[in-house]
Structures are given as structure tokens and as C-alpha cells.
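The next block holds one structure in the form of C-alpha cells; read it before the comments.
The values are calculated or read from the model by the stated rules, or taken from the named source; none is laboratory data. Keep in mind the model is a prediction, meaning the values are calculated, not measured. Here the Cβ positions follow ideal geometry from the backbone for every residue, glycine too, while neighbour counts run over all protein chains shown. Note: areas computed on protein heavy atoms with side chains; ligands, DNA, RNA excluded. Shrake-Rupley method; radii C 1.70, N 1.55, O 1.52, S 1.80 Å.
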Amino acid sequence: MYADVIIDISHERLDRTFQYKIPEELQGKLAPGMVVSVPFGQGNRSRKAYVVKITQNREVASEKLKEISQIIRERENAEGNLIALASWMSRTYGSTMIQALKTVLPIQEKAREKEKKKLLLSLSKEEAEKVLETCKRKNHKARVRLLEALIKNEELDYTETIKQLKISTSVIKGLQEANVLEVSSCRVYRNPVQKRKREEPLTLTREQKQAAEGILQEWDGQNRPCLLFGVTGSGKTQVYMELIEKVLEEGRQVIVLIPEIALTYQTVQRFCGRFGEKISVINSRLSLSERYDQFQRAQRGEIQIIIGPRSALFTPFQNLGLILMDEEHEQSYKSENTPRYHARETAIKRAELEGAHVVLGSATPSLESYSRAKEGIYRLFRLSSRYGESTLPQVKIVDMRQELKEGNRSILSRRLKEAMGGCLERKEQIMLFLNRRGYAGFLSCRMCGQVIKCPHCDVSLSLHRNGRLICHYCGYETEEPRQCPSCGSPYIGRFQAGTQQIEEVVKKQFPQSRILRMDLDTTRKKDSYERILSLFSSGEADILIGTQMIVKGHDFPNVTLVGVLAADLSLYAEDYRCAEKTFQLLTQAVGRAGRRGKPGEAVIQTYQPEHYSIQAAVTQDYEAFFQEEYSFRQLMGYPPAGGMLAVLGSCREESLLEQAMEYIGIFLSRLPLKKAQTSIIGPADQTIGKINDQYRKVIYIKDGNRERLIWIKDKLEQYIEMNKGFQKIWIQFDFS
Ligand code: ADP
Ligand code: ZN
Ligand code: ZN
């Protein structure tokens, strides 16, 4: 047996492993993550090394191989654990060990970014205004320019400001000495919370207490992952905080995972108010080296809790006690880069390696988690009522086909208009949500609501520029029909409303109302997302119009009406999960209304009122939805009822890619697999068939047995590596 090791973990050089022989006395004793000593380089100096892989495949001539000297440590530090995790990831998701290591280990950049200095106000805005007045009176023009800019922006780039506002450093020095502004280097991480007063813990409700106690009991016993299934507004966060408190008391650390989109100022503040300086936050806006700094602080024990998206999972805490995953159903927990890991599975693996606990939370659990909870693999806890006086909103459904028949061609139904009018009169707020998730070129019938689907895969077909309809799972193609295949009406076409159009319609209908719009266009600038939300939150607008960005985790006490426009749009995504996503989005959207005592209402507009995901969202019946959806997945062999491996290929030359994917298909068909267990679908074009001049194709392999899928992946990896024909082709694996 042989061991692959990495010598230096300073990470800059994390680009290759070295192979060593495992001596007799160490056979069977080594595992990934262990620290060993090895002879290295000229003179065979003894060096510390991390074992990353145990293998039978020798890569170097036998006489050139040296032996491992001895074990130094058996995986007790954070890095050792993370290496063990990377080893699991590389096998489970299909990637090289180096790719996996680069995902889990904090990478220190070679050339550290140049320090970027910033200018910040040290005073409140009001105080700064006073200083500004004084400067104006004294005719200190440079100071006036600078102060005006700072009052407007809160934060300015040092070098840029000097250049653009033509300000000398002495002006900055002067204001600095007068304690009006401060110069901060970006490398000094500004904790978003430092200046906040501590918030005392709230008293838990009976239900919350039961859940927290139940979870603590589970930790003392079997320690299965716990799923906290709590309706929107039930106070899951309170339960999380209680659990965090307990883990901190034991001197262990906590990772809180939150989808990037819900990682708002509001959420962070709630945690920070309770745990103060013990916390740090990472998000995608941090540079690599800023992230590295946070990881260093965690490793040194300066912080005990980290909040962040997917990648926060790899925080190198020395004594990790708990991984909390809020909104566990969110798609963003799945990585799009090789290794394409899922943070839920990976969190569970990390917790297993380190003896930590895992708690998953959601108002709409993923099918994966809920089915596991039903089987007893996870432990289920429920919060079934909202906190306080709040009840879940009344939900009304509007059939847009009927609206059309009765002569209303507007995007807004009569019912929604009426509800909006009432709401504005009462001076309450409205959210209008345009469901555009998974929006692609599907065709639907405005008369009967039917969408043209693939006869083999039961997902929507998408319309291509050449006028043909194509299935992105199996490659099935057909002509664009002129009439609806169901009802014969000629009114088939694409759905074409955007948030901007809706804004115009609403403006016309309610000219007095103050409207905010949140979509990709209005959130391009760095802090615009936060700005729009805080404007709306402070009551400076009556109506917030937006895409799915607006439905996540925000708590607006004065919102009493939620309108969902085109609820069914996400149903037509060519993705077997589209019904699940639709149900989740609708439930989240409806959950935004009436959160503080005031009764809430939701109006859902749709062309398919009879679809089970919409029906179940209206009655807020998760169980009913789960039953329907799970049997669909079983019938079609889709996850979680079956396993699925996508082999994604991309290449600049289309014909080369076509050929390679054909070969993969042939190779697969020759493996000793049983048709009844394993099915192979495709090759087909990927959803987006070409990106940056790279053609993209995919083959799907469905099999209920995950281990067999991994075996198939291993075989494919070998085949692709040995075969010269694949050199120009980039192959990725994706398990779901
Ligand atoms: P969820 O995350 O389950 O949707 P939240 O944690 O956001 O719910 O709670 C909803 C609202 O109820 C929040 O404003 C929260 O402060 C309040 N709340 C929940 N539990 C309590 C409690 N035990 N005491 C006081 N307020 C609570
Ligand atoms: Zn029709
Ligand atoms: Zn198909």
C-alpha cells in the first residue's frame, strides 16, 4: 500500500501530492488527515506531512519510493479533520484530491492584496451635519467637499477620494485629529456588531422549549442530525440560539450556515445582538484574504461562532460542537464547482468526523431531509404555530384563465387590485412577488394553462432559436406547435412580464403609492439590496415589487398583503425539482404577510390552480405536497427516491464533444449493469447549451444505489484519464 501526502500546508503550494511507501509496521494504521514524518528532498531531511490518500496504485517506480518514517499525530487538529473531509468529498462527489483540498482548506493568497484604505465617519450623521455647517461658515472648502461626500456615502475609498475630490492628506489628518473621521484599512475586519448593545435572551414558548430540549436529549443519545420543521414565523432562530448557548458553555464552537440571499443585515444583527464579539460573519463579498483572516481568527480561538453561506462549513474550529443549517432546502447549498458537494451531506460528514451535532431548519424541508426524517435517519422536531398572536395568512387563489375569459387582460387580477386598494387605505404595506425562478423558454397555453412537456421525462421542453422544442434531459426534439395539443387554442406562447412592466401597471393603477422595485437591475450596486430593504422596512414605500430575492427571511411587521404574480412560472423550469421549488417559494412568499398580530392576506395568481404544489401551498399542507411529490419521484426514479449522476461535458469544439459523449455512452452501456437497476439517459444538450463558446452536453445515470453510482463514476474517471480523446474535454460529475 502507498500513501499520498502533502508536505507543506502553507497552501500556496497546494498543487501536488507526493507518494510514499507504507512500511510493514504502519500498514492499516494510516488514514487521511494524519500527520506523519517523511524523508524529503535532497539529503532526506525529515519533514512533517499530511496523509491525504491511501492507495494501491503506485505512481512512481518502486525503487524511487521512500518510506513513511512514523506517525506524529492521529488527526486531532482542525486541518487534519478537514483533510479527512476532503478525502471523503473527492471520492463521494468525484474530483481530484487537490481540487477537494482547495475547497476545504483556507487558501492564503500568494501576493496579499494591497491594503485598501477607507474613510469613515466617526460621528453620527447629525453631528457630522453640524461640523459641516461650521466648515461652511469658515469657508473650509476642501473639508466641506469631503464631509458632504462622507455624509452621503458613509464609507469612501481613501485613494479615490483624494484624487476625485482633490483633497490633500493634511485635510484628512485635520479631520482625523478632530475625531470627525477615521481612516481604516480594509484588512482590519470591522465587526458589524461591535457597537451594538447586548440583547437579553427571550423566554422560549412552550413549543420552542420542547424542541430545544428534545434536540439536547438526542445529542446525549444517538446524536442523529435533527430537522427542525417550523412554519414561517414560528421562531426557529430562538431555538437555534438556545442550542448555540449550550454548545458554547461546553467550550465548543458553532457554524451557522445561511443561504447567501438570506444573509442580511437583519439576520446577522439578531445573532450578534445575542452573542456579541464571539461572532464573525463571512459572505461572498469578502476577498479571499479577508476570508482567510476570518478562518485564522477561528483557528486561534478568537471567535466561537461563524455565520456564513456554504463555504463557512470549512471554518477550521479546533473543537467544533454544532453545525446549524438554516433554510436547509435552499438550492444554494449545492456547489456548482468541482467537487460539486452538497453542504448538508458534507456538514453531516464533518460532524461525524469531529463528534459534533447537526441541526437543519426549514419551513419547507427538502424532500431529501423530510424523507430521511420519516425513516428515522434524522430526528424530526416541529414548531407548528407562529409566535404570539400572529396566525398564518388567509390565502386566496385567482385563476388567470378565468380572468382572461371575463375580459381582464391586465397582469393584476381584479381580486388583487381590490386587496391592494384596501391595504393602501389602511396604510399597510404590500409585497408583489414575480415568480421567475427557473424561467426558461417554455411554451404554455393561455387558455388552458398547459405547458408543452417531454413525453419521456415529464419536464418542460424549451424553445430554441431554430424554432424547435428540446428536452434537456433526454434530448427529445419536436416542432413548435401552432395550436395547444390539449385544447386546440391558438393562444400558446411565452410568458413575458418583467418586474419593470409590473411597476408601470401598478403606478398607473395606484398613482399615489410609493413603489420600490428589487430585481437584478436594481441590485447591481454593492449595498443596494440592503438599502432597498431598509427603505421598505422603515415605511418609506408602500409597495415592494420583486423577484424571489424579496421572499427570503425578511421580517416586515407592517406587510399585510402578499401578491404572487404567475405562481406557476417556476413549474415550467426543465428540472425535476420544479414542483418542490414552486411549493417552497409560494410558502415562503405567503409567510411574509401578517407577521405581527395584524391579519395577513395572500393572493396567488396562476394559470394552473389545480396543480398540487399550488393547492398545497394555498392550504399550507406540507404533508399533502410531500406525498404527491414523493410518488412522482418514485415513479420517475428521480432523487431522493432514486440517485442521479450527471456527467457534464464541455468543449470548444462541438463535434469533438459530441463524439466524446457518444463514447461515454458506449462505455457505460458495456459496464456490467442491470437495466432494471441503472438507466442511462442522453446525451443531450445542457440547459444552457453553450456558455463562453464552450459547448455543453450531459448524460444522466439514474440508480437507486448511491454506492453503485460512485463505482460508475470511478470507472468513468479511469476511462477518461486513460483516453487521449478526452484531453480537450472538460468533464465534471454532479450527484443529486
Ligand atoms: P422563523 O425563523 O421560524 O420564521 P423567527 O425566528 O424569525 O421565525 O421569529 C418570528 C418573530 O417572532 C421574530 O420577530 C421573533 O423575534 C419573534 N419571536 C419568536 N419567538 C419569540 C419568543 N420566544 N419571544 C419573543 N419573540 C419571539
Ligand atoms: Zn390549451
Ligand atoms: Zn426527455
Practice problem: Starting from the Cα gyration tensor of region 2-104, take the square roots of the eigenvalues, sort them a ≥ b ≥ c, and report rounded, prolate or oblate (rounded when a/c is under 1.5, otherwise prolate if a/b is larger than b/c, else oblate). | Solution: rounded
Self-check item: Share of carbon and sulfur in the accessible heavy-atom surface of the chain [1.4 Å probe, %]
Solution: 46 percent
Quiz prompt | Å³ per residue enclosed by the Cα convex hull of the chain | solution = 203 Å³
Exercise. Please state, to two decimals, what the Cα-based radius of gyration of region 445-574 comes to when divided by 2.2 N^0.38 Å (N = residues).
Key: 1.36
Self-check item: Dipole of the chain, positive end: most advanced residue of 410, 361, 31 [Cβ charges, Cα centre]
Solution: 410
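Rolling a 1.4 angstrom probe over the protein heavy atoms, how many square angstrom per residue are accessible across the chain?
47 Å²
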Quiz item: With the Cα gyration tensor of region 362-520 giving a ≥ b ≥ c as the square roots of its eigenvalues, does the rule (a/c under 1.5 for rounded; else a/b larger than b/c for prolate; else oblate) give rounded, prolate or oblate?
Solution: oblate
Quiz prompt | Bins of 5 Å, starting at 0 and running to the largest distance - Cα pair percent for region 206-383 | solution = 1, 8, 18, 23, 23, 16, 8, 3, 0
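Give me the mean projected area, in nm² to one decimal, of the convex hull enclosing the Cα positions of region 114-188.
4.7 nm²
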Exercise. Kindly report, to the nearest 10 Å², the accessible surface of residue 158 as traced by a 1.4 Å probe over protein heavy atoms only.
Key: 40 Å²
Quiz item: Can you work out ³J(HN,Hα) from phi for every residue in region 503-512, in order, using Karplus 6.51 cos²θ - 1.76 cosθ + 1.60 and θ = phi - 60°, giving whole Hz and x for Gly and Pro?
Solution: 4, 4, 4, 5, 4, 5, 6, 10, x, 7
Quiz item: HN-Hα J couplings of region 652-669 from phi, Karplus 6.51/-1.76/1.60, θ = phi - 60°, integer Hz, Gly and Pro as x?
Solution: 6, 9, 5, 5, 4, 5, 4, 4, 4, 5, 4, 4, 4, x, 5, 4, 4, 5
Quiz item: Which values of log₁₀ I(q)/I(0), to two decimal places, follow from the Debye formula for region 318-436 at q = 0.14, 0.19 Å⁻¹ with a uniform point scatterer at every Cα?
Solution: -0.86, -1.09
Quiz prompt | Net length gained if the chain between residue 405 and residue 297 were fully extended (0.36 nm per residue, minus Cα distance) | solution = 32.6 nm
Quiz item: If you average the sequence gap of Cα pairs under 8 Å that are 6 or more apart and divide by the length of region 2-104, what percent do you get for the contact order?
Solution: 30 percent
Practice problem: Report the one residue of 331, 520, 203 whose Cα lies farthest in the direction of the positive end of the charge dipole of the chain (charges on C-beta: Lys and Arg +1, Asp and Glu -1; origin at the Cα centre). | Solution: 520
Exercise. Taking the Cα centre of the chain as origin, work out the dipole magnitude from +1 charges on Lys and Arg Cβ and -1 charges on Asp and Glu Cβ, in debye rounded to 20.
Key: 1680 debye
Quiz prompt | Equivalent ellipsoid semi-axes, region 262-331, via Cα gyration tensor eigenvalues times 5, rooted, Å | solution = 18, 14, 13
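Using a ≥ b ≥ c from the Cα gyration tensor of region 643-735 (square roots of the eigenvalues), is it rounded, prolate or oblate, where a/c under 1.5 gives rounded and otherwise the larger of a/b and b/c decides, a/b for prolate? Please report the intermediate quantities before stating the final value.
On the way: a/c = 2.04, a/b = 1.55, b/c = 1.31.
The shape class here is prolate.
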Quiz prompt | For residue 387, residues with placed amide H under 5 Å, excluding near neighbours | solution = 234, 235
Quiz item: If 171, 698 are ordered by their accessible area, calculated over protein heavy atoms with a 1.4 Å probe, which sequence runs from highest to lowest?
Solution: 171, 698
Quiz item: Per residue, what volume in Å³ does the Cα convex hull of region 581-736 take up?
Solution: 164 Å³
Self-check item: Ellipticity estimate at 222 nm from DSSP helix runs (n ≥ 4, -39,500 (n - 2.57)) divided over the chain, nearest 500
Solution: -10500 deg cm²/dmol
